[in-house]
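The values are calculated or read from the model by the stated rules, or taken from the named source; none is laboratory data. In this text the structure is predicted, and so the values were computed from the model without any measurement. Positions of Cβ are generated from backbone atoms using ideal geometry, with glycine treated the same way; all protein chains shown enter the neighbour counts.
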Amino acid sequence: MPLKGRLGLQTARVPHADRHGLLWLDRGRLAVEDGTLVFTTAGHDSLDAGAYDIPLQQVSNVLLGPGSVVSHDALRILARQQTGLLAVGASGVRLYAASMPFGPDRATRARRHAELWANEDRRIDMARAMYAIRLGGSLPSYQRDIDSLRGIEGARMKQTYQNLAQQYGVAWQGRRYDRSDPESATAINKAINHAATAVYAAARIAVAVTGTVPQLGFIHESSGHAFALDIADLQRSTVTLPIAFRAVKKKQERPGYDIERTTRRLAGQTLRKEKVIPQMIDHIKELIDGDDDSGDA
């Protein structure tokens, strides 16, 4: 146990976001003063103005948001204490950079992830488990190929779109998006894209801090962040789409609103309020760790 007062462990006032050890900081300066890591801020909605000692031994990762700067000395102390620093957008709607280390001390989870991915039967088991989460229930045991699972999801998603459209009073004519002409998309299709980008960034944060392998997806395959896409899709019906439909509803009420800005703000509020990143972390642990009790963070 550190000495009383060392690194502010007795007097730290910056709240932890959740039990996963993620500390959210924005609009301030992260630096070292008298050997202690200190975050100084002029204040904002979630944190009063002042200087806050950061209890490094109790924090696994610092998520540094907009309007913040960090000193070289702070990076040195973070590295010495094995505390990761991730530069993120407001409330985690983007991931810009991640310092090492930012995951567990051991390679147990990454090795298990690779083993599950390398075994064809286990890989489809993982895909089925993910689809079960996405669809809110177990799947018939005979459905053991990706195409069948995608077919089931497609039918369910059509109903989800229709239900949300009715709930929020938004016209829905299908999921259409032309990459060569993005501006031609309807407001709801644009909002879905912006919401998906924000939730995907949150998934990348969750993948980074759990020490899993971004490239090894169980449903997505070609992307260098395939596993993050897998994790983001677990929240598609419950987080991503509701954000998009709420954004379009807000724009209908106030036509002057920019759909991208409105969607991004709603996404940030939702990620923080509903603790989406901690939920993603829990999903990753449940999926990859299984019954393993090795103690990886």
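Key figures for this structure:
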item: Residues of segment 19-72 classified as in a loop (DSSP other than H, G, I, E, B), within 19 Å of Ala208 (Cβ to Cβ) and not aliphatic (A, V, I, L, M), total; result: 8
item: Qualifying residues in segment 220-239 (those that are part of a loop (DSSP other than H, G, I, E, B) and among the polar types (S, T, N, Q)) - the one farthest from the chain's Cα centre (by Cα); result: Ser222
item: Residue match in segment 80-96 (condition: more than 22 Å from the chain's Cα centre (by Cα) and either modelled with pLDDT under 90 or not assigned by TED's automatic domain parsing to the domain that holds Asp230 (or both)); result: yes
item: Selection within segment 194-244 - of a type in the set (Val, Ile, Thr) and within 17 Å of Tyr131 (Cα to Cα); result: Ile219, Ile231, Thr238, Val239, Thr240
item: Evaluation of Leu63 against (1) in the same structural domain as Gln215 (by TED's automatic domain parsing); (2) within 30 Å of His194 (Cα to Cα); (3) of a type in the set (A, V, I, L, M, F, W, C) (one fails), failing number; result: (1)
item: First in segment 186-198 and in the same structural domain as Arg264 (by TED's automatic domain parsing) and at positive phi, second anywhere and surrounded by 24 or more Cβ atoms within 10 Å (Cβ to Cβ) and part of a helix (DSSP H, G or I), Cβ under 9 Å, 6 or more apart; result: none
item: Qualifying residue in segment 40-49 (condition: modelled with pLDDT of 90 or more, exposed (fewer than 13 other Cβ atoms within 10 Å of the Cβ), under 22 Å from Arg80 (Cα atoms) and outside the structural domain of Lys273 (by TED's automatic domain parsing)); result: no
